[in-house]
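The values are calculated or read from the model by the stated rules, or taken from the named source; none is laboratory data. What you are looking at is a predicted structure, and each value in this text was computed from that prediction instead of being measured. A quick note on method: Cβ atoms are made from the backbone with ideal geometry, for glycine too, and the neighbour counts reach across all protein chains shown.
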Amino acid sequence: MKKLIIDGLVKLFSGILLTGALTFIPAGTLHFWQGWVLLGTLFIPMFIAGLVMIAKSPDLLRKRLNAKEKQDEQKSVVALSGLMFIASFVLAGLNFRYGWMPMPPALTWISSAIFLAGYVMYAEVMRENAYLSRTIEVQENQKVVDTGLYGIVRHPMYSATLLLFLSMPLILGSIPSFIITLVYLPIIQKRMNNEEKVLAEGLEGYQEYMKKVKYRIIPFIW
């Protein structure tokens, strides 16, 4: 348990330092107030979620901290996502520094509310699905989950990340960064295609589930 706590704290503070550097260095100042809002909105709920998982589901936390993609196709998806975030944060800092497209403060607060709603949705997905993993795999004794949000869309976790990822550049008040983050749409499509192929081949009942729940992320749309 001690090692798990240390690993969690190391990754948390590493994330804070990396995100802060990518945001404030391009901005050229620590007075980029939207950057502080993002750090708080992103990492305070993450810290609370970590405490809850340590208390109630340490195995889930351990799995999510140490997960590494095994498939080459998914490794490329992770790499593209990383590049997307780096470009988005850097551009947001530059946008603030040079005042390219200043946005009203209300955008930051509305986007923060959307981000927190995505966090709540993500937490509900983790509660519903004990087999939730950061990597694409079929786990031992895994069963199809088709209740709750999984009865509405097949990938509610990606529905939540869509809210999270697309709201972050808007929290930073950067429309150029938001445009870059739209790259996440084809990235997530590529990941879902591969994930459903793996699950349909290796998880009993998943093909029937795909016929029952027709939409992947957004009801009646996608």
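Restricting attention to the stretch 208-222, the residues being surrounded by 17 or more Cβ atoms within 10 Å (Cβ to Cβ) and either polar (S, T, N, Q) or in a helix (DSSP H, G or I) (or both) number 1. The test for being at pLDDT below 95 and in a helix (DSSP H, G or I) holds for residue 48.
Just one of 162, 132, 170, 182 is more than 25 Å from residue 208 (Cα to Cα) and either modelled with pLDDT under 90 or touching a Ser or Thr at 6+ places or on another chain (Cβ under 6 Å) (or both); which is it?
None of the other options fit; the residue is 170.
Taking the stretch 13-25 as the range and being without any contact (Cβ under 8 Å) to a residue 60 or more places away in the chain and surrounded by 14 or more Cβ atoms within 10 Å (Cβ to Cβ) as the test, the residues that pass are 15, 16, 20.
Within the stretch 26-43, can you find the residues that are in a helix (DSSP H, G or I) and either modelled with pLDDT under 95 or buried (at least 16 other Cβ atoms within 10 Å of the Cβ) (or both)? Listed by number, the residues that qualify are 26, 27, 34, 35, 37, 38, 39, 41, 42, 43. For residue 110, the criteria (1) of a type outside the set (S, T, N, Q); (2) under 30 Å from residue 36 (Cβ atoms); (3) within 18 Å of the chain's Cα centre (by Cα) hold in every case but one, which is (3).
Taking the stretch 161-203 as the search range and keeping residues that are of a type in the set (Val, Ile, Thr) and within 27 Å of residue 145 (Cβ to Cβ), which one is surrounded by the most Cβ atoms within 10 Å (Cβ to Cβ)? Give the derivation first.
Within the stretch 161-203, the subset of a type in the set (Val, Ile, Thr) is 161, 171, 175, 179-181, 183, 187-188, 198.
Narrowing further to those that are within 27 Å of residue 145 (Cβ to Cβ): 161, 187-188, 198.
Details: 161: 19, 187: 18, 188: 22, 198: 15.
Of everything passing the filter in the stretch 161-203, 188 is surrounded by the most Cβ atoms within 10 Å (Cβ to Cβ).
Evaluate the following for residue 104: is it touching a helix residue (DSSP H, G or I) at 6+ places or on another chain (Cβ under 9 Å) and not small (Gly, Ala, Ser)? So residue 104 does not fit the description; no. Among the residues of the stretch 155-207, those identified as among the polar types (S, T, N, Q) and part of a helix (DSSP H, G or I) are 159, 161, 167, 177, 181, 189, 193, 194, 207.
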